[in-house]
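> Before I ask anything, let me first share the structure, which is written out below as structure tokens.
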There are 2 protein chains.
Amino acid sequence: MAIQFASRMDLLKGSPIRALLALANRPEVISFAGGMPAPELFPVKQMKTAVETVMDEQGRTAMQYSSTDGFFHFREQIADRMKAKNGINTDPCNILITSGSQQGLDYAARVFCDPDDVIVLESPSYVGALNAFKACQPRFVEIPTDENGMIMEELERVLATTERVKMIYVIPDFQNPTGRTWPLDRRQQFMEIVNRYEIPVIEDNPYGELRFEGENMPALKSLDTKGLVVFLGTFSKILAPGYRIGWVCADHNILQKFNYIAQAAALQASTEAQLVISKYIDLFNLDAHVSLLRSCYRKRRDVMLAAMETEFPAEAVFTHPNGGLFAWVELPEHMNTNELAKKCLEKNVAYVPGDGFFPSGTNHRCFRLNYSNMNEDRIREGIRIIGQVIKENM
Amino acid sequence: MAIQFASRMDLLKGSPIRALLALANRPEVISFAGGMPAPELFPVKQMKTAVETVMDEQGRTAMQYSSTDGFFHFREQIADRMKAKNGINTDPCNILITSGSQQGLDYAARVFCDPDDVIVLESPSYVGALNAFKACQPRFVEIPTDENGMIMEELERVLATTERVKMIYVIPDFQNPTGRTWPLDRRQQFMEIVNRYEIPVIEDNPYGELRFEGENMPALKSLDTKGLVVFLGTFSKILAPGYRIGWVCADHNILQKFNYIAQAAALQASTEAQLVISKYIDLFNLDAHVSLLRSCYRKRRDVMLAAMETEFPAEAVFTHPNGGLFAWVELPEHMNTNELAKKCLEKNVAYVPGDGFFPSGTNHRCFRLNYSNMNEDRIREGIRIIGQVIKENM
């Protein structure tokens with residue numbers, strides 16, 4: 001007799017990104033695959049001072065259990081930051097600390113979705129979110145996007161004609177995988193529609209602070225008058241992902257449900273990691289660090305875009321992100337970026353093929369490029385090789 | 001229109017323990033409620049050295065993303081420990097690092113259970129596991145227990161007559177909440193039955209190393225010839241819970257499913273916490289630390305049992321645990337330990353009422369006492385007060 005697994009396990013397979021990362025981890029590989037920050041910019045010395053201070057001042061507290069919500073002072077710091085960076089007026093009581101934003105995505109689907117409920121999202125969207133949501137066995141409805149993000153007429157049409165829509169998942173700032181950002185009027189239109197249909201929104205914002213040019217856009221949550229928007233934030237991209245610390249910001253009646261899921265699924269996020277990041281914010285200048293990231297990633301983006309202009313054939317169309325970690329490339333219809341990925345990997349260059357970012361999985365002509373993790377020389381070299389492989393296979 | 005939540009949310013409420021802990025956290029409260037280690041025994045200085053070493057030697061690695069499975073060397077250390085402490089011959093490749101054992105419980109239910117599937121467990125069982133499992137909307141079937149744990153004739157009868165049993169959840173060592181340990185013959189009987197029915201077993205073992213007297217029992221996993229047992233381990237009770245580091249040990253076909261759920265739900269456990277605990281194990285003597293815990297908790301257990309002998313009425317029956325963190329008290333049938341808990345809390349003493357440990361929730365005469373977190377004087381004083389409240393309400 002074979003062991004019987006739950007039906008959700010039929011939908012869950014290894015993420016193609018994580019499988020690729022395993023290969024791309026070899027030092028000789030030029031990897032544009034993961035969404036990894038530049039490790040050479042991590043403020044290691046400052047974090048060492050922060051953790052030393054925590055161990056000296058509150059070592060026993062750091063090593064003990066703590067509340068499911070998270071430390072109050074830490075949540076105050078996060079509330080202050082959301083006000084300053086995202087225009088969101090909120091309160092520590094509306095914040096729950098999670099083990100990274102990925103956990104927030106998992107909790108969101110579990111709070112809102114029964115099997116066969118509908119999740120509406122941008123097409124394409126973050127493959128890790130699709131994977132998190134699949135564990136709840138929903139149906140996905142993809143809304144087409146243009147250079148300004150989700151197309152609101154399509155969203156309206158879908159909401160008007162679709163039953164059981166339980167949540168809308170969006171990444172309005174430097175979207176993963178396209179790097180695109182919704183302008184203000186699109187955000188206002190979106191909130192007008194959402195307010196009419198009263199559907200909860202998951203606003204995933206890991207990259208919002210990494211803007212290279214132009215003005216910050218207000219978060220959807222800052223335009224939320226009905227308590228429908230659940231905002232997911234994280235320290236993974238502005239400080240370090242290794243601590244696995246993110247947060248959920250939502251109105252009380254929704255946040256309480258996230259708290260219940262958190263109690264069931266994990267009890268709490270790491271006590272030590274919360275105190276260490278909190279201490280880093282108290283002792284040092286996170287804004288200055290984020291400026292450093294912005295300036296480094298801007299240069300890398302510039303190098304990548306310039307290299308693509310030179311090395312890619314004219315038929316390859318790519319986005320010009322104003323921030324974040326990713327650019328998105330579309331090749332002519334007959335091209336298959338899964339096949340190309342293998343050929344690139346043989347030449348020690350890695351990217352993520354695009355089909356995983358579409359729930360339908362039927363688009364094989366796109367791929368995602370990360371520019372935060374490789375230095376400028378390696379970006380030039382890697383893009384040259386990808387360009388060569390594309391040309392050889394056109 | 002009210003926001004619609006998933007049907008699982010009807011089952012999930014705040015854990016009574018976590019709500020109680022919020023009140024019991026006031027310093028004037030003598031709390032026997034949580035399962036918290038003694039904070040004064042945390043090896044704060046050594047952990048500070050460990051984290052300093054990690055930040056000096058591998059700071060960038062510690063702050064970066066890492067694999068879903070966990071660091072290989074860390075999993076080697078855990079495999080070695082499982083062999084030495086639990087008699088389990090295993091391999092780093094059969095180990096997945098989790099954010100605490102609670103996450104392992106959550107993953108287990110999601111790997112094996114669809115709604116209305118059956119989970120078989122000891123009666124009573126760990127309330128946090130019940131809560132984790134409820135998110136998958138299973139049915140629970142409780143197997144009666146005696147002083148030697150689960151009664152095997154009852155297990156056999158249930159498995160022979162119950163459809164859709166997808167997993168069996170047990171805590172054979174110093175069970176939460178009763179403190180009871182299964183003797184060897186009971187373990188052998190259990191594995192014989194399980195092998196016949198080929199049902200996956202979740203063996204939760206957070207307390208096994210905290211034995212005060214008598215011989216270590218082999219883990220069920222060490223008796224597993226068919227790859228049915230999933231072993232959950234954790235550093236929460238032998239080192240510190242604040243880092244949220246536990247692990248799952250299972251055969252490949254099962255562990256792969258846990259890996260898929262982990263990718264979807266969290267990506268990975270904290271990189272930093274894995275490296276810090278791994279470094280602590282390399283630099284210091286975890287066995288010596290566990291000896292210290294054993295000797296302290298043994299004294300505290302002795303003090304608690306002696307105080308109960310003196311202060312509780314003869315009608316109160318309680319367990320005599322040979323290890324772990326908990327004792328379990330049963331009062332006469334007409335008593336209600338929820339009511340008594342409120343009266344005790346008015347006198348600044350806290351315990352956890354027993355009904356939450358029964359899925360049926362119908363047993364109101366029991367309660368759980370933790371003896372690891374309070375010093376001996378406070379244990380004597382707290383038991384005196386509980387004894388007084390019991391007598392006043394008999």
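The values are calculated or read from the model by the stated rules, or taken from the named source; none is laboratory data. As the structure is a prediction and not an experimental result, all values here were calculated from the model. Cβ coordinates were reconstructed from backbone atoms using ideal geometry, including for glycine residues, and neighbour counts include every protein chain displayed.
> Determine if segment B:351-374 includes at least one residue that is at pLDDT 95 or above, over 23 Å from the mean Cα position of the chain (by Cα) and not assigned by TED's automatic domain parsing to the domain that holds B:Gln175.
No; the residues of segment B:351-374 include none that is at pLDDT 95 or above, over 23 Å from the mean Cα position of the chain (by Cα) and not assigned by TED's automatic domain parsing to the domain that holds B:Gln175.
> On to the next question. May I ask you to verify whether A:Ser67 is of a type in the set (Ser, Thr, Tyr), within 14 Å of chain B (Cβ to nearest Cβ) and surrounded by fewer than 21 Cβ atoms within 10 Å (Cβ to Cβ)?
Values: of a type in the set (Ser, Thr, Tyr): yes; within 14 Å of chain B (Cβ to nearest Cβ): yes; surrounded by fewer than 21 Cβ atoms within 10 Å (Cβ to Cβ): yes.
Against the criterion (of a type in the set (Ser, Thr, Tyr), within 14 Å of chain B (Cβ to nearest Cβ) and surrounded by fewer than 21 Cβ atoms within 10 Å (Cβ to Cβ)), A:Ser67 qualifies.
> Quick check on this structure: which one of B:Glu309, B:Glu333, B:Glu315, B:Glu339 is without any contact (Cβ under 8 Å) to a residue 24 or more places away in the chain, surrounded by fewer than 18 Cβ atoms within 10 Å (Cβ to Cβ) and more than 30 Å from B:Met47 (Cβ to Cβ)? Let's see the steps before the verdict.
Values: B:Glu333 fails: without any contact (Cβ under 8 Å) to a residue 24 or more places away in the chain; B:Glu315 fails: without any contact (Cβ under 8 Å) to a residue 24 or more places away in the chain; B:Glu339 fails: without any contact (Cβ under 8 Å) to a residue 24 or more places away in the chain.
Every option except B:Glu309 fails the conditions.
Each row is one residue, and each column tells you yes or no for (1) among the hydroxyl-bearing types (Ser, Thr, Tyr); (2) under 30 Å from A:Trp247 (Cβ atoms); (3) surrounded by 24 or more Cβ atoms within 10 Å (Cβ to Cβ).
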| residue | (1), (2), (3) |
| --- | --- |
| B:Ile193 | no, no, no |
| B:Asn205 | no, no, yes |
| B:Phe212 | no, no, no |
| B:Asn216 | no, no, no |
| B:Ala219 | no, no, no |
| B:Lys226 | no, no, no |
| B:Pro241 | no, yes, yes |
| B:Gln256 | no, no, no |
| B:Asn259 | no, yes, no |
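> Could you tell me which of the residues A:Ile97, A:Ile78, A:Ile119 is β-branched (Val, Ile, Thr), under 26 Å from B:Pro43 (Cβ atoms) and in contact with a strand residue (DSSP E or B) (Cβ under 6 Å, 6 or more places away or on another chain)?
Values: A:Ile78 fails: under 26 Å from B:Pro43 (Cβ atoms); A:Ile119 fails: under 26 Å from B:Pro43 (Cβ atoms).
Testing whether each residue is β-branched (Val, Ile, Thr), under 26 Å from B:Pro43 (Cβ atoms) and in contact with a strand residue (DSSP E or B) (Cβ under 6 Å, 6 or more places away or on another chain) leaves just A:Ile97.
> Here's a follow-up. Return yes or no: is A:Leu20 part of a helix (DSSP H, G or I) and assigned by TED's automatic domain parsing to the domain that holds A:Phe326? Full working, then the answer.
Working: part of a helix (DSSP H, G or I): yes; assigned by TED's automatic domain parsing to the domain that holds A:Phe326: yes.
Yes; evaluated as a whole, the condition is true for this residue.
> Further, regarding this structure: Look at B:Phe72 and say whether it is at pLDDT 95 or above, among the aromatic types (Phe, Trp, Tyr) and under 18 Å from the mean Cα position of the chain (by Cα).
On the way: at pLDDT 95 or above: yes; among the aromatic types (Phe, Trp, Tyr): yes; under 18 Å from the mean Cα position of the chain (by Cα): no.
It is false that B:Phe72 is at pLDDT 95 or above, among the aromatic types (Phe, Trp, Tyr) and under 18 Å from the mean Cα position of the chain (by Cα).
> Kindly check whether there is at least one residue in segment B:272-294 that is more than 14 Å from chain A (Cβ to nearest Cβ) and in contact with a Gly (Cβ under 9 Å, 6 or more places away or on another chain).
yes
> Restricting to segment B:343-357, count the residues that are in a strand (DSSP E or B) and charged (D, E, K, R).
Step one: filter segment B:343-357 for residues in a strand (DSSP E or B), giving B:349-350, B:352-353.
Imposing the further condition that a residue be charged (D, E, K, R) reduces the set to none.
Looking only at that region, the number is 0.
> With the requirement that a residue be over 14 Å from B:Pro144 (Cα atoms), surrounded by fewer than 24 Cβ atoms within 10 Å (Cβ to Cβ) and touching a strand residue (DSSP E or B) at 6+ places or on another chain (Cβ under 7 Å), what does segment B:354-368 give you?
B:Arg365, B:Cys366
> Pairs under 8 Å by beta carbon, first residue on the phi > 0 side of the Ramachandran plot in segment A:89-112, partner outside any loop (DSSP other than H, G, I, E, B) and of a type outside the set (Ser, Thr, Tyr), six or more apart or different chains?
A:Gly100/A:Pro241; A:Gly100/A:Gly246
> So, one more: Can you give me the number of residues within segment B:223-235 that are in contact with a helix residue (DSSP H, G or I) (Cβ under 6 Å, 6 or more places away or on another chain) and more than 14 Å from chain A (Cβ to nearest Cβ)?
2
> Suppose we keep only residues that are crowded, with 19+ Cβ neighbours inside 10 Å and either more than 10 Å from chain A (Cβ to nearest Cβ) or in contact (Cβ under 8 Å) with a residue 40 or more places away in the chain (or both) within segment B:39-59. Which one would you say is farthest from B:Leu340 (Cα to Cα)?
B:Val54
> Quick check on segment A:183-198. Is at least one of its residues outside any loop (DSSP other than H, G, I, E, B), of a type in the set (Lys, Arg) and in contact with a Gly (Cβ under 6 Å, 6 or more places away or on another chain)? Full working, then the answer.
Restricting attention to segment A:183-198, the residues satisfying the condition of being outside any loop (DSSP other than H, G, I, E, B) are A:184-197.
Filter again for of a type in the set (Lys, Arg), leaving A:186-187, A:196.
Next, only the ones that are in contact with a Gly (Cβ under 6 Å, 6 or more places away or on another chain) stay: A:186.
Yes: segment A:183-198 contains one or more residues that are outside any loop (DSSP other than H, G, I, E, B), of a type in the set (Lys, Arg) and in contact with a Gly (Cβ under 6 Å, 6 or more places away or on another chain).
> Suppose we filter segment B:96-119 for residues that are more than 16 Å from the chain's Cα centre (by Cα) and crowded, with 24+ Cβ neighbours inside 10 Å; how many remain? Show your work before the answer.
In the first step, residues of segment B:96-119 are kept if they are more than 16 Å from the chain's Cα centre (by Cα); the result is B:96-97, B:110-119.
This time we only want the ones that are crowded, with 24+ Cβ neighbours inside 10 Å, so: B:96-97, B:110-113, B:119.
Result for segment B:96-119: 7.
> Here is a further query. Going by the conditions given, is A:Leu255 under 19 Å from A:Arg81 (Cβ atoms), more than 11 Å from chain B (Cβ to nearest Cβ), in a strand (DSSP E or B) and among the hydrophobic types (A, V, I, L, M, F, W, C)?
Details: under 19 Å from A:Arg81 (Cβ atoms): yes; more than 11 Å from chain B (Cβ to nearest Cβ): yes; in a strand (DSSP E or B): no; among the hydrophobic types (A, V, I, L, M, F, W, C): yes.
The answer is no for A:Leu255.
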